[in-house]
């Protein structure tokens, strides 16, 4: 559906960065202005979005959970999937954020020989886990470009990632894993009819954008090669707030940087905000203690009420005349 | 805001993490790498020119060295014909390190700067400090 549109937009972004740097020579725009603007948009937009979510009232606990709730002491209850305590919630949130527990429970329904079968389906979970952790490691690895002396913890990530020592420059495991995971995540939107039906341009766009970032990064490292010392001068300049635009940095790097800038600027306005949103999922981050604590609805206004006695006091005479029985004579 | 302080705390953590690249460098100065070409062998040269152009060497020396490894140890090819037609012996020790005998002032200067650790010296004999074998 929207796959063509998303693809054309990403292609247009790449072309825009290519024309801007290679033909028009606007290197400082792409090296300094766009990254800073993108980062500011990212931080401000992110905070705005989370504060907006935070303002929505959450009066009740929503126990849409996959486990026995706490009731009587002799009924075994599910401490993590349906927690009644804060610690249980913390554990549930940890499993959700670090291990994508909701995706782990993904099921697939299929009709075979006229019968409906429902089975567990872990592919999405594996693909998502592979993608997110590879992306995190790649992000951490990139910190070596933003610090004058690379701390040992980042060097360790780097050397573990290139542990197999394949080729020179050594192949990073995460580069291969993230490419495979991205192609799987894109493939399921293209080849799975049900998923394809519900996919929108806003689903395809981030996928193509990240594929573009990974592709340019991989090209720079393994194939086309770039002057990495000059690039570090540029990135360190950004980190030290003394931007410089060194010579000898090709447009391939600027395309990479521009796509990353677009990703950051686009982030707060997109589905990618699930990064912040996962912490605010009401069905995950609230303890199911409806039976132990009273949760008062904050928008209840004081209802004007009247007891029957008062009513009767007012209308006693009329009620008697009409033959309606009264409690007090 | 419900659980306002928790959300604000989370946002503070978010801002701290996102600005790490900026805050970690505060107060630290950095020295730009200046790989030194001051070795006796280079001083003797009339035209100071590596086997390929400077920009090519800056970008792709690792590719060149990697292909040299295959030429020398797998294919037995010991002659490299540069793009300007000159011939060089395919040897890290006898060709590259002959001129660039100052490893810690030439190789390490940039490698440390961008934090890359090539494993050349796992197999090759590491030149001693002070240059000239």
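Please report, ordered by residue number, the helices (runs of 4 or more DSSP H) entirely within the stretch A:142-220 with at least 1 residues that are within 30 Å of residue B:70 (Cβ to Cβ) and within 18 Å of the chain's Cα centre (by Cα). Working first, answer last.
Values: elements: A:152-161, A:173-191, A:193-198, A:201-218.
Result: A:173-191.
Checking the structure you have, find out if any residue of the stretch A:260-267 is at the interface with chain B (Cβ under 10 Å from one of its Cβ atoms), in a helix (DSSP H, G or I) and out of contact with any strand residue (DSSP E or B) (no Cβ under 7 Å at 6 or more places or on another chain). First the steps, then the outcome.
Taking the stretch A:260-267 and keeping what is at the interface with chain B (Cβ under 10 Å from one of its Cβ atoms), we get A:264.
Now drop any that are not in a helix (DSSP H, G or I), which leaves A:264.
Next, only the ones that are out of contact with any strand residue (DSSP E or B) (no Cβ under 7 Å at 6 or more places or on another chain) stay: A:264.
Yes, the stretch A:260-267 contains at least one residue that is at the interface with chain B (Cβ under 10 Å from one of its Cβ atoms), in a helix (DSSP H, G or I) and out of contact with any strand residue (DSSP E or B) (no Cβ under 7 Å at 6 or more places or on another chain).
Taking the stretch A:271-296 as the region of interest, how many residues are more than 14 Å from chain B (Cβ to nearest Cβ), closer than 19 Å to residue B:2 by Cα, touching a residue at least 40 places away in the same chain (Cβ under 8 Å) and loosely packed, with under 15 Cβ neighbours inside 10 Å?
Total meeting the criteria: 1.
Take residue A:73 and tell me if it is in a loop (DSSP other than H, G, I, E, B), more than 26 Å from the chain's Cα centre (by Cα) and surrounded by fewer than 16 Cβ atoms within 10 Å (Cβ to Cβ). Break it down stepwise before answering.
Working: in a loop (DSSP other than H, G, I, E, B): yes; more than 26 Å from the chain's Cα centre (by Cα): yes; surrounded by fewer than 16 Cβ atoms within 10 Å (Cβ to Cβ): yes.
Taking the combined requirement at face value, the residue satisfies it.
For residues that are under 22 Å from residue B:6 (Cα atoms), more than 14 Å from chain B (Cβ to nearest Cβ) and either touching a strand residue (DSSP E or B) at 6+ places or on another chain (Cβ under 7 Å) or without any contact (Cβ under 8 Å) to a residue 24 or more places away in the chain (or both), tally how many sit in the stretch A:45-92. Let's see the steps before the verdict.
Filtering the stretch A:45-92 down to residues under 22 Å from residue B:6 (Cα atoms) leaves A:45-63, A:80-92.
The next check asks that each one be more than 14 Å from chain B (Cβ to nearest Cβ); those that pass are A:63, A:80-85, A:87-88, A:91-92.
So of that shortlist, the ones also either touching a strand residue (DSSP E or B) at 6+ places or on another chain (Cβ under 7 Å) or without any contact (Cβ under 8 Å) to a residue 24 or more places away in the chain (or both) come out as A:80-81, A:87, A:91.
Result for the stretch A:45-92: 4.
I want to confirm something. Restricting to the stretch B:91-133 and keeping residues that are at positive phi and surrounded by 13 or more Cβ atoms within 10 Å (Cβ to Cβ), which single residue is nearest to the other protein chains (Cβ to nearest Cβ)?
So the first thing to find is which residues in the stretch B:91-133 are at positive phi, and the list is B:115, B:130-133.
Adding the requirement that they be surrounded by 13 or more Cβ atoms within 10 Å (Cβ to Cβ) leaves B:115, B:131.
Details: B:115: 4, B:131: 22 Å.
Step by step, filter the stretch B:91-133, then rank; the result is B:115.
Does residue A:192 fit the bill of being more than 14 Å from every other protein chain (Cβ to nearest Cβ), surrounded by 12 or more Cβ atoms within 10 Å (Cβ to Cβ), in contact with a strand residue (DSSP E or B) (Cβ under 9 Å, 6 or more places away or on another chain) and at negative phi? Walk me through it before giving the result.
Numbers: more than 14 Å from every other protein chain (Cβ to nearest Cβ): yes; surrounded by 12 or more Cβ atoms within 10 Å (Cβ to Cβ): yes; in contact with a strand residue (DSSP E or B) (Cβ under 9 Å, 6 or more places away or on another chain): no; at negative phi: yes.
No.
Among all residue pairs at least 6 apart or on different chains, which show Cβ distances below 8 Å where the first residue, located in the stretch A:147-162, is facing another protein chain (nearest Cβ under 10 Å) and farther than 14 Å from residue B:114 by Cα and the second is assigned to a helix (DSSP H, G or I) and at pLDDT 90 or above?
Within 8 Å, the pairs are A:162/A:173.
The values are calculated or read from the model by the stated rules, or taken from the named source; none is laboratory data. Since the model is a prediction, treat every value here as computed from it, not as a measurement. Using ideal geometry, Cβ is built from the backbone for each residue, glycine included, and neighbour counts are taken over all protein chains shown.
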